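Asks: Below are the structure tokens for one structure; questions will follow.
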Amino acid sequence: MAPTSSKRVKNTKLTRHFLIGNEAHLLPHPGYPDPPPENHTKGWKVYVRPLPNGPDITTWLKKVQFKLHHTYNDASRTIEAPGPFEVQETGYGEFGVEIRLYFAPESGEKAVYREHYLVLAPYGSEEQKARQERENLIVAERLETVEFNEPTVDFFKTLTSEDQFNWLKVKKGRGKGKKPEFVFEGDVEPSAQLPEKAAADTGGLGSGGAWSVLYERQVVAQLREAEKVLDASLDEERRGMEERRRRMEELGMAVAAK
Ligand code: SLL
């Protein structure tokens, strides 16, 4: 291996966005063992993926370790670049998958830890749940970020290279003796950042759209709504408790004060 420079690029921070998530289906489902292993009702895949319109993550991400629930054989699964960084399994229950991300050696960065709690059952609004059931597809993914502060000179070069967008390009002019040219086509805008609006349909996501700033705002808005509902039910729960306490007092029962 070439000696790497430990010199760092001062006052510079490089940010990379990517997705961590899972998809799940009720079994039987194409691509999964049929009949499924005993008691296994769900087929799922947990993954670390690039944004549909983002740079190649394998420029910085070289290895991903997924640690599954101890009920699985070989619970620790390691996937090396170029991936895909995913683990497909069948099972019956949800659990938190422990994920370790290992960076390119020239980065000089230690591995970082993330967790993804598998979602195997329909969630969201009634409408969303109905759609997930109809399509027999659950997708639970979120936007993740890593920040490289004052990257090493070598790592900076990798992270700013134009090559990392090649996977979004289409080969053009594959004529006799001609070298193919790589060009961006359609709505694909190369960017290490989230696009303002999602490109038409880059596929891959359950919702059929790409991650974008707009979509992210929608997700945040949805979470705020969910929070309101939760607050309201907590309030109600508190009122209920107060009411029960009052009734017990009326009945002359001692209430142990904590
Ligand atoms: C639950 N706390 O009870 C969770 C545990 C267990 C997940 C989930 C099967 C593994 C195997 C499996 O789905 N394990 O049989 O290989 O809901």
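Asks: For a quick check: with amide H placed at 1.01 Å from N, whose amide H comes under 5 Å from LEU51's, ignoring anything fewer than 5 positions away on the same chain?
Replies: Under 5 Å from the amide H of LEU51 lie the amide H atoms of LEU19, each far enough along the sequence or on another chain.
Asks: What is the fewest-to-most order of PHE95, PHE156, PHE85 by other Cβ atoms lying within 10 Å of their Cβ?
Replies: Sorted ascending by nearby Cβ count, the order is PHE95, PHE156, PHE85.
Asks: While we're here: If you plug each phi of the stretch 29-34 into the Karplus form 6.51 cos²θ - 1.76 cosθ + 1.60 with θ = phi - 60°, what whole-Hz ³J(HN,Hα) values come out, in order, with x for Gly and Pro?
Replies: Going residue by residue, I get 8, x, x, 10, x, 10 Hz, with x marking Gly and Pro.
Asks: Rounded if a/c is under 1.5, else prolate if a/b beats b/c, else oblate: with a ≥ b ≥ c from the C-alpha gyration tensor eigenvalues square-rooted, which is the stretch 13-155?
Replies: Verdict is prolate for the stretch 13-155.
Asks: Beyond 21 Å between alpha-carbons counts as too far, so tell me which of LYS62/LYS110; LYS45/LYS67; LYS13/LYS169 fall in that bin.
Replies: Those over the limit are LYS13/LYS169.
Here, each number is a calculation from the coordinates, and none is a lab measurement. Computed from a prediction, not measured in an experiment: that's the story for all the values here. So basically every Cβ, Gly included, is an ideal-geometry build from the backbone, and we count neighbours across all protein chains shown.
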